[in-house]
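The values are calculated or read from the model by the stated rules, or taken from the named source; none is laboratory data. Quantities reported herein were computed from a predicted structural model and do not represent experimental measurements. So basically every Cβ, Gly included, is an ideal-geometry build from the backbone, and we count neighbours across all protein chains shown. We work out accessible area using only protein heavy atoms, side chains counted, and drop any ligands, DNA or RNA first. Shrake-Rupley method; radii C 1.70, N 1.55, O 1.52, S 1.80 Å.
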Amino acid sequence: MNFETLIFEAKNHIGTITINRPDKLNALNLKAKSELASLLERIKSDPDVEVVIMTGAGEKAFVAGTDIKELTMLNGDTGKDFAVKGQSVFNLIENLGKPVIAAVNGYALGGGCELALACHLRVAAEHAKFGQPEVNLGVIPGYGGTQRLARLVGKGRALEMILTGDQIDAQEAFRIGLVNKVVPAAELRSASEALARKILSKGQIAIRLALKAVNMTHETNLTDGLELEASLFGLCCGSEDFKEGTAAFLEKRKPSFKNK
Ligand code: COA
């Protein structure tokens with residue numbers, strides 16, 4: 001698959017997606033969003049890719065937002081559909097069924113912050129900056145930012161970022177729970193891959209079901225969420241990985257998961 005706006009590499013069950021428009025700070029244009037959707041659909045059904053890393057080309061930006069040039073073409077009739085389409089691409093990430101790690105290598109603004117939010121885990125380089133500056137353009141976040149940011153860092157912090165449009169640095173993002181880890185820029189790739197390898201070393205049935213259960217946290221009430229958790233726990237118990245994992249512990253050896 002050849003892309004104009006993305007680079008995709010897969011190695012040792014880790015797929016790396018790089019948004020590749022460095023001269024525009026990787027701003028997401030229509031082409032990038034449509035290529036991302038096609039690639040994600042392919043990854044979803046590719047058994048060779050178990051964990052995905054999402055990053056941006058160059059050292060300056062992860063993604064500096066939706067392409068503002070394309071935003072200028074929107075009006076009251078077309079804006080909603082534009083947001084719905086962007087949301088549907090980011091929903092593909094959240095519901096990929098495989099963990100997606102954002103390796104945030106610089107500016108993650110507007111749609112770039114929302115892209116990182118749609119990923120399951122976020123590792124940030126020390127120079128990364130996060131923000132939802134849409135109000136500076138007279139608009140609001142439209143790719144899930146009002147919902148996912150508030151769910152991740154709380155309503156107060158989310159409102160502060162969304163109402164002021166201010167950027168926060170990586171350490172502040174870590175402090176408020178927006179990112180999982182902050183590392184020197186030179187170590188971003190290796191730290192993200194180490195996290196991916198750690199996840200890969202577990203039974204992938206359990207990983208996928210854990211993702212599914214936690215993803216439902218904000219979709220359901222506690223009673224239904226616990227019911228779902230118990231059902232997925234039961235599914236794990238029927239797997240070969242479960243037999244192997246528990247036996248390996250008792251036999252004081254490393255488990256050898258077959259993902260079955
Ligand atoms: N959409 C389209 N183009 C963008 C862009 C975006 N979201 N963000 C950056 N670019 C382009 C710039 O227009 C510029 O293109 P040019 O060289 O053809 O003029 C290029 O990327 C480099 O950006 P520039 O602004 O010159 O870099 P900077 O270091 O001075 O500033 C930012 C960096 C991130 C602070 C600044 O680019 C910015 O504020 N971007 C917009 C962020 C935003 O509002 N995102 C939300 C959109 S909803």
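Got a sec? Which helices (runs of 4 or more DSSP H) wholly within segment 166-253 have at least 3 residues that are under 25 Å from the mean Cα position of the chain (by Cα) and farther than 30 Å from A125 by Cα?
222-237
Within segment 39-59, restricting attention to residues that are within 18 Å of I7 (Cβ to Cβ) and loosely packed, with under 15 Cβ neighbours inside 10 Å, which residue is nearest to the ligand (Cβ to nearest atom)?
E59
What number of residues within segment 24-38 are touching a Phe, Trp or Tyr at 6+ places or on another chain (Cβ under 8 Å) and open to solvent by less than 10 Å² (accessible area, probe 1.4 Å)?
1
Considering segment 108-140 alone, what residues qualify as being assigned to a loop (DSSP other than H, G, I, E, B) and open to solvent by less than 10 Å² (accessible area, probe 1.4 Å)?
Correct list: G110, C119, A128, Q132.
Please name all residue pairs, on different chains or six or more residues apart, with Cβ atoms under 7 Å, provided the first residue is in segment 228-254 and is touching a residue at least 12 places away in the same chain (Cβ under 8 Å) and the second residue is open to solvent by 40 Å² or more (accessible area, probe 1.4 Å) and assigned to a helix (DSSP H, G or I).
Correct list of pairs: L228/M216; L232/K212; C236/I205; C236/A206; C236/F242; S239/I205; D241/I205; D241/A206.
Report whether or not K69 is of a type in the set (K, R), modelled with pLDDT of 95 or more and part of a helix (DSSP H, G or I).
yes
Does A230 satisfy the criteria of being in the same structural domain as E94 (by TED's automatic domain parsing) and either open to solvent by 60 Å² or more (accessible area, probe 1.4 Å) or under 23 Å from E9 (Cα atoms) (or both)?
no
Kindly evaluate N91 against the criterion of being away from the ligand (no atom under 15 Å from the Cβ), assigned by TED's automatic domain parsing to the domain that holds K44, assigned to a helix (DSSP H, G or I) and open to solvent by 60 Å² or more (accessible area, probe 1.4 Å).
Judged against the criteria, N91 is a match.
I need the full set of residues from segment 233-257 which are surrounded by 12 or more Cβ atoms within 10 Å (Cβ to Cβ) and in contact with an Asp or Glu (Cβ under 7 Å, 6 or more places away or on another chain), in order please.
The answer is P255, F257.
Among the numbered criteria (1) more than 23 Å from V89 (Cα to Cα); (2) open to solvent by 20 Å² or more (accessible area, probe 1.4 Å); (3) in contact with a helix residue (DSSP H, G or I) (Cβ under 9 Å, 6 or more places away or on another chain), which single criterion is violated by V183?
Status for V183: all satisfied but (2).
Considering only segment 94-107, state which residues are buried (at least 24 other Cβ atoms within 10 Å of the Cβ) and not in a strand (DSSP E or B).
If the condition is that a residue be buried (at least 24 other Cβ atoms within 10 Å of the Cβ) and not in a strand (DSSP E or B), then N105, G106 are the ones that fit.
Quick one: which residue in T66, T72 is of a type in the set (S, T, N, Q), more than 18 Å from the chain's Cα centre (by Cα), closer than 25 Å to N136 by Cβ and within 11 Å of the ligand (Cβ to nearest atom)?
T72
Checking S190 against (1) open to solvent by 60 Å² or more (accessible area, probe 1.4 Å); (2) within 15 Å of the ligand (Cβ to nearest atom): exactly one of these is not met. Which one?
(2)
When you scan segment 13-29, do you find a residue that is touching a helix residue (DSSP H, G or I) at 6+ places or on another chain (Cβ under 7 Å), more than 13 Å from the ligand (Cβ to nearest atom) and over 28 Å from R151 (Cβ atoms), even just one?
yes
Scanning segment 94-117 for residues that are on the phi < 0 side of the Ramachandran plot and touching a His at 6+ places or on another chain (Cβ under 8 Å), which turns out farthest from the ligand (Cβ to nearest atom)?
Restricting to residues being on the phi < 0 side of the Ramachandran plot and touching a His at 6+ places or on another chain (Cβ under 8 Å), the top hit is P99.
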